[in-house]
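The values are calculated or read from the model by the stated rules, or taken from the named source; none is laboratory data. Bear in mind the structure is a predicted one, so any value in this text is a computation, not a measurement. When we count neighbours, we look across all protein chains shown, and the Cβ atoms used for this are built from the backbone with ideal geometry, even at glycine. Side chains included, ligands, DNA and RNA excluded: accessible areas come from the protein's heavy atoms. Shrake-Rupley method; radii C 1.70, N 1.55, O 1.52, S 1.80 Å.
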Amino acid sequence: MALLAPYLLADGRLPVGAHTYSAGLEPAVAAGLTRAEIPALLRARLHTGVVTEAAAAVLALRAALRDPVDYAPVQEALAARTPTAPLREASAALGRGVHRLARRLAPDHPAVTALTRLHPRPLRPVTLGALGAVLGVGEEALAHGVVYDELQTIASAALKLLPGDPLDSVAWIVAAEADAARTVTEALAVRTPAELPARTPPLTEQWALEHDRRERRLFLA
């Protein structure tokens, strides 16, 4: 299972509700972002919020492998670094889907039962850490999965929001490989919740607040 698990986590078809999320692309497009600027957005996301989320997922995975399992420090640190309510809500909604999958696969696993006790709405990176423990995913594979998921989420959402040649999305992700590798390295270097980077981009926060007030939306955020 450990061989297949990273592919499952990185697959946009995994039934955890990820199709409802654009990783900030829809709010950015509403604010004027053009298709030509998507590669820059990908790089910006990798060096800001994605570092935080990947590091939080790895910290949660480490917590899931200890006895007793305690996700609270990671959950609290991540919530503090996600100051905008709509983004916390989106993360909790996505986390619910991951949590449901983890309960289906291993309801009695200590990583899953601790997640249930933690909070009624654990954030997505925390649930990914728990699911990673269930599936036997290593730290580096989990961090890569979080990073790739962000890239692929934006690239997939672009097909709906800013239609163009679908092959462009592949080129964007390949071009971001060096930045993605640096993000993974930085995430793996975080040892404690207190060290979790606070990389919230102000424009992303502002766009998320504006997006939350719109009545016509394709994505949560």
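A few remarks follow.
- In nm, spacing of pseudo-spin labels at TYR7 and ALA171 (7 Å Cα→C-beta vector): 2.8 nm
- For the set ARG43, ARG104, ARG35, ARG191, the ranking by accessible area, highest first and with no ligand, DNA or RNA atoms included, is ARG104, ARG191, ARG43, ARG35 under a 1.4 Å probe.
- Region 38-93: C-alpha gyration tensor shape, a/c 1.5 cut-off, then a/b vs b/c: oblate
- Whether region 158-221 is rounded, prolate or oblate, judged on the alpha carbon gyration tensor where a/c under 1.5 counts as rounded: oblate
- Counting only alpha carbon atoms, the long axis of helix 202-212 and the longest principal axis of the chain meet at about 90°.
- Comparing Cα centroids, region 1-73 and region 131-201 end up 6 angstrom apart.
- Among 12-24, 197-209, sorting by the average number of other beta carbon atoms lying within 10 angstrom of each residue, highest first, gives 12-24, 197-209.
- Nitroxide proxy distance, nm - points 7 Å out along Cα→Cβ at ARG104 and ALA31: 3.5 nm
- Dividing the radius of gyration of the alpha carbons in the chain by their Kirkwood radius gives 0.95 for Rg/Rh.
- Considering helices alone, the calculated mean residue ellipticity of the chain at 222 nm is -20000 deg cm²/dmol, with DSSP H runs of length four and up weighted by -39500 (n - 2.57) and normalised per residue.
- Rounded to 10°, Cα long-axis angle of helix 139-161 versus longest principal axis of the chain: 30 degrees
- When LEU188, LEU78 are compared by accessible surface with a 1.4 Å probe, the order from highest to lowest is LEU188, LEU78.
- Efficiency of FRET from Cβ geometry, ARG66 and LEU188, R₀ 25 Å, rounded to 0.05: 0.90
- Rounded to two decimals, the Cα-based Rg/Rh of region 42-165, with Kirkwood Rh, is 0.99.
- THR127, THR116, ranked by accessible area, largest first (probe 1.4 Å): THR116, THR127
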